[in-house]
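Okay, structure first, notes after.
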């Protein structure tokens, strides 16, 4: 009923704004041909755009074909027609009356020698746009991620790091809010880590790194926001790209982004299928300190736990939709997202008990074959109304998502006839409702007002049963059913302007949160509610055309996820379990960021210092549960009782994180590009748990170097090197991690296609090696999510530019506010 009411709310609005503009007649066709005035050769992919002087924005546009010809439909009116091509001078036909079909004839473009060098550099690189509240990385020809996934793309973006388990961190902080096209998305799904590993890299157009979010964005995410923008064209006709890839360990996939625009209708899709085998492994050595109540130190108990993961990831994803340009000032977009995964994971877990001399006292082998089915469906509606003033607009967004995940395991253990049956079912329903209104005030001032509602219900059913020779019993100590409900209503307002060289954007956001934790198995019912204000300040100062300063402040929140608050344990092995904490409270952060940008010829420096103070921070602690489990059992069911370790989240008092980062880009010539990113931070944590002092002063850093060189025969060679320094917290010390990726690429068929080969983790060194120390045990562990891999991909483009001499224009007039 709620959905029907929300949909009914939008219908009158759509009908109200669906009337035609000043020229109600049918579209007319404008045609012509674009040639190089020196060689008389046709210019393929030249851009033709139609600018309305009355509305002060581009209405539509198109590109030329192989013969340099174009034929573009446009509503009757008066336009400035711009004809552009990379490294050529732009030609403008001013105030053209387009009232009927018209042939512009032959249009000659001359070479722009002054900008030629810059054009070549920009065409081959990933460009960066700096705005008051974010940095935008336009994903260019990054060879190391060709045929890869979104996780691979993010791991090459400055300030961002992806650990060995696929967890994304921003400046070393893993509490990152990930959005797709500006909103929460089913492409991220129930498990964002797995989802990002399955979405193809070729689907991404750009990544927005928002370390100082304005009030427009959700306050969730103490580290900031990563907004992934998918590819979509608005040009007339059919255009797109298709990529096929294969690799070792066995990998195969096909993905594509296609657009077809005819008149006022634009069809688009970003779709793909992939198959990946992902072998991994881990090793844990634990020494239990056997100190009795009288303080006597008895001989310790040693355990070695080795795991091998043989995973198969299969998935289909598609985001398909239709844009309808209702008239010159409004448009509506309807899209459907579908994501299906069929995964297998075979885990072999071997627990060995050696004596002090290394002799094996007992051994237990546990085999866990897991099958996972995951389906996500999402329906979205977007409506944009542009008013006569440039930048004056009203938008509505409505989104409904339904996700279902089913995991099934049949666990067997050596010398034990009883089979453990584990089934986890997750059903999530999520509704997003959003509206934004932007009002320009004069030429340099802007006011914005908006609302967003996020409504989420997640039902998790965890069932553990034991099959003893056909007799099935349910373990009520482990089986549980949790219904987690989260409702967030938010209002925001912000005001921005520019006075001389100073730009500012001031905002305030109000978020009202209602959370219900319904643990039906134990009849535990908890409600949490909190209403918070989140101010934002973003300042920018233009020292010169090549130098600028930015200063940002914002208040952020981190809310507990359902898994964090579920009090029932879930086991990853017989001796280790994870248990949520229903008393976990949200964490709040105050974040400051000071940035500096300097373009010095062939060298560009982008640097910042930042400070983050958080209260009630989340941390994970490991502790002895007091329970034991039998391992190494023989036919008489005799073996060794060993302790069970629990890992759980808690709130600590506070943390203070401050750091420094810089990104350097150097282009010595057209064939060589070098960039590096360095981030160092200090995190001081204060707090205790059950009398154990968990104070820690943690220093860590990471560095990334990308080197791209064009070899003879126009073969591109790219090397990416990453190193994360050692770090520690109150319980765990982790060693540094080094990895290197190599890639080679060759353009084919007059640059319409590319063949790329890359090697991920050349030295097979991307492993997390750590030591955890508690009053009752010391544990050394090594974990590797994915072993070294090889990938070969082939991309074919049609009616789509491989290189861009200047940023593409948005023919719908959706320019971001820059202050």
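Here, each number is a calculation from the coordinates, and none is a lab measurement. These numbers come from a predicted model, not from an experiment. Cβ: placed from backbone, ideal geometry, glycine included. Neighbour counts: every protein chain shown.
The table below lists the values:
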quantity: Ascending count of other beta-carbon atoms within 10 Å, so fewest first, for 672, 785; calculated: 672, 785
quantity: Ranked by how many other beta carbons lie within 10 Å on average, peptides 463-475, 276-288 from highest; calculated: 276-288, 463-475
quantity: Segment residue 674-residue 56, length gained on full extension (0.36 nm per residue, minus Cα span); calculated: 218.6 nm
quantity: Least to most buried among 740, 508, 600 (fewest other Cβ within 10 Å first); calculated: 600, 508, 740
quantity: Sites residue 93 and residue 763 - FRET efficiency at Förster radius 45 Å, r taken between beta-carbons, to 0.05; calculated: 0.20
quantity: Likely footprinting exposure, 206, 529, fewest C-beta neighbours within 10 Å first; calculated: 529, 206
quantity: The range 433-485 and the range 705-755: distance between their alpha carbon centers, rounded to Å; calculated: 36 Å
quantity: Where labels lie 7 Å past Cα in the beta-carbon direction, separation of residue 373 and residue 778 in nm; calculated: 4.9 nm
